[in-house]
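In what follows, a single structure is set out as structure tokens and then discussed.
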Amino acid sequence: MWWLKNIQVIDPSQKLSSPQDVLVQGGQVLEISTSMTEEEVLAEAQGEPVETINGTGKFLFPGLIDVHTHLREPGQEDKEDILSGSRAAVRGGFTAIMAMANTLPVIDNRALVEFVRRQGERAGYAQVYPIGTVTKGMQGLELVEMADMKEGGVAAFSDDGKNIQNAEMMRLALEYAKLTGLPIISHCEDKELAGEGLMRRGVASTRMGLRGIPAIAESVIVARDLLLAEETGGKLHLAHISTTESVELIRRAKAKGVDVTAEVNPHHLIFCDQDITITDTVLKVNPPLGSAADREALIEGLRDGTIDMIATDHAPHTQAEKARPFAEAPFGIASLETALSAVWQHLVLPGRLSFERVIEAWSYTPAKRFNLRGGSLKPGTSADMVLFDPDFAEMIEPATLVSKARNTPFLGKTLQGLPVMVWVEGRLVQRDRTVL
Ligand code: DOR
Ligand code: ZN
């Protein structure tokens, strides 16, 4: 049994943000109250040993749920695998992750869905929920067997990394996915408009002489998909929104009652195109980092609920791949182990976002939208939770990262404010930054 004393509990599901005592027993949250006496706790324990934690100055919240994680297994285990990725997840404060479908082969049938799910269970760290592709081979031509894949355990369908270019295929996908009750996750990018671009088109790309991707390459597909979701009544989730115009389009669609949710990645909230240098590919990401004005629009959208969730888009790549010249390096930032701390430091501490909103957007809302375990510390729910120490500081170094990937912009930097204890189903899986 765990007794966490006088800890700041943030739990949007109970509208809780105050110092509490928390008891955890048998994998579940047993009780949360403002004061507990030792006699009461011992009576509840019924002889079981009680581990007491002094939580003064620390936070406890439901484990983060990342709806956009690339784990690369099967097929690209040199970048990451389900074990290393789900260990990185719990190190970063995530107790559940949704594994993106653009593996090798892509996750386009039930056997592969079950493989990913079982590998996650075997690893025994963060819960791993597979995402299936929308189309066979992610070719954009023929829908997968959605009902069958749902039986196998998919949480959603996505051709992430690619966009479904054909509007009729996207309409059909929304129509069929609706029958399963699962959302379609859309990576919004018009291929022709994006061209061979390497970063966002603007002053910074012009100055560096790098081919640009215009903002409209994203927004035009956001508009299309919102219209198709409205038309079909299907469930749409928009991945990694990065432009001012996209936020505005989503705001309008929500006002009309379209069944849409949207996510934003921490890197789009923290960096902008001016931070990119041609000699360092670490910030080469898709969708590309936008302008400083876009970053403001994204923060505002997240604050007012237009953007529902934060998701990492953890995209691990090898050092050799990222060491290539800018034009040839792959897109992607690895972020599971640094994302929460980066958001804390760059957005919460300066007062741009409340910590309550961050937890709601990264735990409660993902659980609700994708119908996953977690997102709440209500008594009787699974004890998937994080103890966060705002004073704990750590230099991000290759030797301490448990992900196989090193492509993080925080390498060599010190992050302060980190998860120092993480439980999955009441089982401690990370302590003092060490994955157990
Ligand atoms: O930067 C990205 N990397 N964006 C994507 O959409 C795909 C991802 C990957 O798979 O590496
Ligand atoms: Zn994507």
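The values are calculated or read from the model by the stated rules, or taken from the named source; none is laboratory data. None of the values given here were measured: they were computed from a predicted structure. Note that each Cβ is placed from the backbone with ideal geometry, even for glycine, and that neighbours are counted across all protein chains shown.
Within the set Ile307, Ile221, Ile299, the sole residue that is outside any loop (DSSP other than H, G, I, E, B) and either touching a Gly at 6+ places or on another chain (Cβ under 8 Å) or within 16 Å of ligand 2 (Cβ to nearest atom) (or both) turns out to be Ile221. Pairs linking a residue in region 279-291 that is in contact (Cβ under 8 Å) with a residue 40 or more places away in the chain to a residue that is of a type in the set (A, V, I, L, M, F, W, C) and not in a loop (DSSP other than H, G, I, E, B), with Cβ atoms under 6 Å and 6 or more positions apart or on different chains, are Val285/Ile333; Pro288/Met199; Pro288/Ile213. Here Ile299 meets the list (1) touching a Phe, Trp or Tyr at 6+ places or on another chain (Cβ under 8 Å); (2) more than 19 Å from Ala88 (Cβ to Cβ) almost entirely, failing just condition (1).
If you go through region 218-241 and keep only what is within 16 Å of ligand 1 (Cβ to nearest atom) and in contact with a Lys or Arg (Cβ under 8 Å, 6 or more places away or on another chain), you end up with just His237. All conditions but one from (1) among the aliphatic types (A, V, I, L, M); (2) more than 21 Å from the chain's Cα centre (by Cα); (3) crowded, with 22+ Cβ neighbours inside 10 Å apply to Leu143; the one that does not is (3). Out of Thr95, Thr180, Thr103, I need the residue that is among the β-branched types (Val, Ile, Thr) and more than 18 Å from the chain's Cα centre (by Cα). Which one? Result: Thr180 is the single residue among Thr95, Thr180, Thr103 that is among the β-branched types (Val, Ile, Thr) and more than 18 Å from the chain's Cα centre (by Cα). Scanning region 314-356 for residues that are away from ligand 1 (no atom under 13 Å from the Cβ), in a helix (DSSP H, G or I) and surrounded by 18 or more Cβ atoms within 10 Å (Cβ to Cβ) yields Ala339, Leu340, Ser341, Ala342, Val343, Trp344, Gln345, Leu347, Val348, Phe355.
Considering Leu226, Leu210, the condition of being more than 16 Å from ligand 2 (Cβ to nearest atom), aliphatic (A, V, I, L, M), at pLDDT 95 or above and closer than 30 Å to Glu328 by Cβ is satisfied by Leu210 alone. Scanning region 404-418 for residues that are under 17 Å from Asp432 (Cα atoms) and touching a residue at least 40 places away in the same chain (Cβ under 8 Å) returns Leu415, Gln416, Gly417, Leu418. What do you reckon, is Val22 surrounded by 19 or more Cβ atoms within 10 Å (Cβ to Cβ) and either among the small types (Gly, Ala, Ser) or within 16 Å of ligand 1 (Cβ to nearest atom) (or both)? In short, no. Among the acidic types (Asp, Glu) and in contact with a strand residue (DSSP E or B) (Cβ under 9 Å, 6 or more places away or on another chain): is that true of Asp190 in this structure? So Asp190 fails the test.
Among the residues making up region 156-196, those that are outside any helix (DSSP H, G or I), of a type in the set (Gly, Ala, Ser) and within 13 Å of ligand 1 (Cβ to nearest atom) are Ser158, Gly161, Ser186.
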